[in-house]
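FYI, it's all coordinate maths here, none of it is from the lab. These figures come from a predicted structure and were not determined experimentally. Cβ placement follows ideal geometry from the backbone for every residue including glycine, while neighbour counts extend to all protein chains displayed.
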Amino acid sequence: MRLIVLPLIAAAALPLAACNQSPPPPAAAAPAKDVLADLPEAQRNATLFRAIRDGGQTCQNVVAAESVKAPGTNDPAWLARCEDGVHWQVTVREGAAATVIRAG
């Protein structure tokens, strides 16, 4: 099992425009599950493909993916099927980190 970090959300800090102003509250990031669920299918599959490959696993192309419940956790998870028929469970954790394990 390998832990990787997905570049799903980038944050940038802006300097204050005036000395007497309070900094603005940090923008709330959407939960990782919502980010993946709201993506078009092709983009979601490409993101899962990148997670699998960044995790050091072999996959030429993700051809299907479905949202699943990861056992023993409330973290969002996706079951991705590569074109060679191998299934990978990609569990997305807080901070856009992901765990990739072979699912079948």
Show the residues, 5+ positions off or on another chain, whose built amide H is closer than 5 Å to the amide H of Trp78.
Val68, Val90, Thr91, Val92
Ellipsoid semi-axes in whole angstrom, largest first, where each is sqrt(5λ) of the Cα gyration tensor of segment 59-104
19, 10, 8
For the ranges 58-68, 88-98, what's the packing order if you count other beta-carbon atoms within 10 Å of each residue, average per peptide, and put the highest first?
88-98, 58-68
Provide the per-residue ³J(HN,Hα) series for segment 38-50, in order, calculated from phi with Karplus coefficients 6.51, -1.76, 1.60 and θ = phi - 60°, each as a whole number of Hz, with x at glycine and proline positions.
7, 6, x, 3, 5, 5, 5, 4, 5, 5, 5, 4, 5
Between rounded, prolate and oblate, where does segment 34-74 land on the alpha carbon gyration tensor, with a ≥ b ≥ c its root eigenvalues, rounded for a/c under 1.5, else prolate if a/b exceeds b/c?
oblate
To the nearest 20 Debye, how big is the dipole of segment 45-92 about its Cα centre, given +1 on the beta carbon of each Lys and Arg and -1 on that of each Asp and Glu?
40 debye
